[in-house]
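Written out below as structure tokens is the structure these notes cover.
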């Protein structure tokens with residue numbers, strides 16, 4: 001299916017957000033997919049894959065919106081200006097813009113730490129939502145610790161790492177200071193939001209597609225992920241888990257692509273796009 005593409009600046013707090021909208025060039029939309037990007041450098045490493053998936057989803061009938069959040073990519077501000085709350089507002093604003101184009105069923109597509117942000121967004125909007133998850137992070141505290149370790153590793157190479165350095169960094173952030181990590185200025189506001197984030201979608205989330213990338217295609221969820229999947233199913237969510245074999249493109253030194261993940265995304269989204277008969281809003 002042919003695809004129409006539009007690049008635009010979305011007015012928002014502290015400036016504008018660069019957005020990329022793709023939609024099928026003919027016919028109604030089967031769903032609305034809003035991408036919630038990964039955190040920091042994982043977002044940049046994943047850009048080739050998310051662009052590929054965005055094109056593929058649009059070609060299969062899904063309107064797809066990708067946003068550079070505050071302080072990221074070509075949007076206004078510096079990374080150090082961002083907060084967790086501002087990023088939630090950015091995604092909500094993107095959904096509101098897309099709702100002027102279609103009333104098709106909403107999917108939030110969270111990659112890595114974007115799954116935590118997508119979970120938070122489900123509590124900030126008043127409509128049924130489904131989740132497409134790529135290698136989701138379930139604990140913001142653990143994700144922040146992983147990010148802080150980049151600075152510890154850099155300091156170690158420079159001979160400057162000391163015992164208790166992790167605790168001191170956390171204390172500095174709690175005191176309201178910023179920390180420079182791997183070229184990113186991490187603000188205390190953003191660190192606090194990420195540190196307190198947990199994957200706990202709102203009750204109106206009805207479908208979850210959970211895709212993992214690893215060494216083999218027959219992998220099963222780890223115990224923490226399985227517990228979360230069981231909890232979602234217990235409250236009535238339909239959860240589809242699928243593993244594919246491929247590279248960890250979100251952290252690879254070289255640019256990597258995982259065709260199996262694109263294929264799994266299209267295969268699992270097709271039958272899950274219920275309510276597809278709802279008419280699009282045509283402006």
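The values are calculated or read from the model by the stated rules, or taken from the named source; none is laboratory data. Only a predicted model underlies this, so the values are computations on that prediction, with no experimental measurement involved. With ideal geometry, Cβ positions are generated from the backbone for all residues, glycine too; neighbour counts draw on all protein chains shown.
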Discussion item. I'd like to check something: does region 97-115 contain any residue that is modelled with pLDDT of 95 or more, under 21 Å from residue 134 (Cβ atoms), out of contact with any strand residue (DSSP E or B) (no Cβ under 6 Å at 6 or more places or on another chain) and surrounded by fewer than 20 Cβ atoms within 10 Å (Cβ to Cβ)?
Written reply: no
Worksheet item: Taking residue 218, is it assigned to a loop (DSSP other than H, G, I, E, B), in the same structural domain as residue 125 (by TED's automatic domain parsing), farther than 25 Å from residue 121 by Cα and over 19 Å from the mean Cα position of the chain (by Cα)?
Response: yes
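For every residue, the table says whether it meets (1) within 24 Å of residue 111 (Cβ to Cβ); (2) out of contact with any strand residue (DSSP E or B) (no Cβ under 8 Å at 6 or more places or on another chain); (3) free of Cβ contacts under 8 Å to residues at least 24 places away in the same chain.
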position: 134; (1), (2), (3): yes, no, no
position: 166; (1), (2), (3): no, yes, yes
position: 182; (1), (2), (3): yes, yes, no
position: 186; (1), (2), (3): yes, no, no
position: 195; (1), (2), (3): yes, yes, no
position: 216; (1), (2), (3): yes, no, no
Practice prompt. Only one of these is touching a helix residue (DSSP H, G or I) at 6+ places or on another chain (Cβ under 9 Å), under 25 Å from residue 49 (Cβ atoms), at pLDDT 95 or above and surrounded by fewer than 16 Cβ atoms within 10 Å (Cβ to Cβ): 217, 202, 245, 198. Name it.
Written response: 245
Response to the item:
Residues in region 220-234 that are touching a residue at least 60 places away in the same chain (Cβ under 8 Å) and loosely packed, with under 10 Cβ neighbours inside 10 Å total 0
Worksheet item: Would you say residue 38 is in contact (Cβ under 8 Å) with a residue 24 or more places away in the chain and either under 14 Å from residue 13 (Cβ atoms) or part of a helix (DSSP H, G or I) (or both)?
Response: no
Fill in: region 119-134 - residue that is more than 14 Å from residue 89 (Cβ to Cβ) and touching a helix residue (DSSP H, G or I) at 6+ places or on another chain (Cβ under 9 Å) and, of those, surrounded by the most Cβ atoms within 10 Å (Cβ to Cβ)
132
